[in-house]
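Below is one structure; the comments refer to it alone.
The values are calculated or read from the model by the stated rules, or taken from the named source; none is laboratory data. Quantities reported herein were computed from a predicted structural model and do not represent experimental measurements. Reconstructed Cβ throughout: ideal geometry from the backbone, glycine too, with neighbour counts over all protein chains shown.
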Amino acid sequence: MRKFAALVALLLVMSAVPARGDDVATIEAVDNAAAQLDEAFEAQNAEAIKALMTPDHVAVTHYYGAPQSAVEQIASLPDLKYQQTNLTEPTVTLLGPDAAMRTFTARLDGTFKGKPLTGKVFVTAIMVKRDGKWLEQFYQVTELEDGNDGKAACKALLGTYLTKNSAKEGSFASRSLVSFSKGGVASFTDSGEGGEAGFAPFTDGRGAWSCTPSDGGEFRVKATTLDFTSGAEAQFGRLDFDLAYDAGEETISGTATLYLMPLDADPLDHDALKDGRQFEVAGKRVTAP
């Protein structure tokens, strides 16, 4: 997932050579090389990524914040956790015997440096043939508005929700105030913060949220908040919310999974999470009179 200057793409499009029937094998080779690179990024395989990009590769994305070289992209791999779902079939335009442009629309779902990386994008890649092998030289990702106005609908989520939380077996656990603010900021306050059987006292939680459209007019909301327990053996508390948001009813429902870990652990390392305790969550927006 990477991005390059739109002007470069425009100039290359203007010089594009229409594909002919005998170019099918070339287009297939370009598609295969690009697919291998996408798989290498999702697997965070640094050696494979390096082998599938040119040494002068340049990337610019809305989450990198600045142009990135191949070396810089590989160095940032631990910060990049995502899945890419292609929404359209890739289109390959041959720019000459050793260059091609590949475009498609996709949906991203993940994080970069702990911040949500979610939404619909338009991807443009420039591939070049070096020593008989197709390599990526430039990559562009442009954020798009969802066709169903998903971003606008997700803005309706902003606010505070009073929730009832239950253990998986159905027993009452607590009541909470969960807030979703501008900038993807999430906050959490719980009635059990003073401590109760099986739980030490803990602080309010702060974190991040993201929202994506789903079928049936609902929207999926994912959020992570962090807090601290108090006492002689203080710990991190991490809550991962997976919720459905109903814009018409102004309700949220789903699960919250609690993880506890020592203060010298990394609560942002998703792969290290274990022994989570899951709760059912159902809430209604708090409104003014």
TODO: Could you tell me which residue of the range 250-268 is surrounded by the most Cβ atoms within 10 Å (Cβ to Cβ), considering only residues that are touching a residue at least 12 places away in the same chain (Cβ under 8 Å) and either assigned to a loop (DSSP other than H, G, I, E, B) or of a type in the set (Lys, Arg) (or both)?
DONE: PRO267
Task: Which numbered condition GLY184 fails, given (1) outside the structural domain of THR255 (by TED's automatic domain parsing); (2) surrounded by fewer than 18 Cβ atoms within 10 Å (Cβ to Cβ); (3) in contact with a Pro (Cβ under 7 Å, 6 or more places away or on another chain) - done: (1)
Task: Residue that is surrounded by 14 or more Cβ atoms within 10 Å (Cβ to Cβ), without any contact (Cβ under 8 Å) to a residue 60 or more places away in the chain and over 23 Å from LEU144 (Cβ atoms), where the choices are ALA99, ALA40 - done: ALA40
Task: Among residues of the range 39-57, those that are at pLDDT 90 or above and either assigned to a strand (DSSP E or B) or within 19 Å of LYS113 (Cβ to Cβ) (or both), counted - done: 7
TODO: Look at LEU243 and say whether it is in a strand (DSSP E or B) and free of Cβ contacts under 8 Å to residues at least 40 places away in the same chain.
DONE: yes
Task: Filtered residues of the range 269-289 (kept if farther than 16 Å from GLY159 by Cβ, within 23 Å of the chain's Cα centre (by Cα) and either buried (at least 17 other Cβ atoms within 10 Å of the Cβ) or free of Cβ contacts under 8 Å to residues at least 12 places away in the same chain (or both)) - done: ASP269, ASP271, ALA272
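Select from the range 183-202 the residues that are assigned to a strand (DSSP E or B) and among the hydrophobic types (A, V, I, L, M, F, W, C) and list them in ascending order. Talk me through it step by step, then tell me what you get.
Looking only at the range 183-202, we keep the residues that are assigned to a strand (DSSP E or B), and these are 185-190, 196, 199, 202.
Result: VAL185, ALA186, PHE188, PHE199, PHE202.
Does LYS222 satisfy the criteria of being of a type in the set (D, E, K, R), surrounded by 13 or more Cβ atoms within 10 Å (Cβ to Cβ) and under 23 Å from LYS81 (Cα atoms)?
Working: of a type in the set (D, E, K, R): yes; surrounded by 13 or more Cβ atoms within 10 Å (Cβ to Cβ): yes; under 23 Å from LYS81 (Cα atoms): yes.
So LYS222 passes the test.
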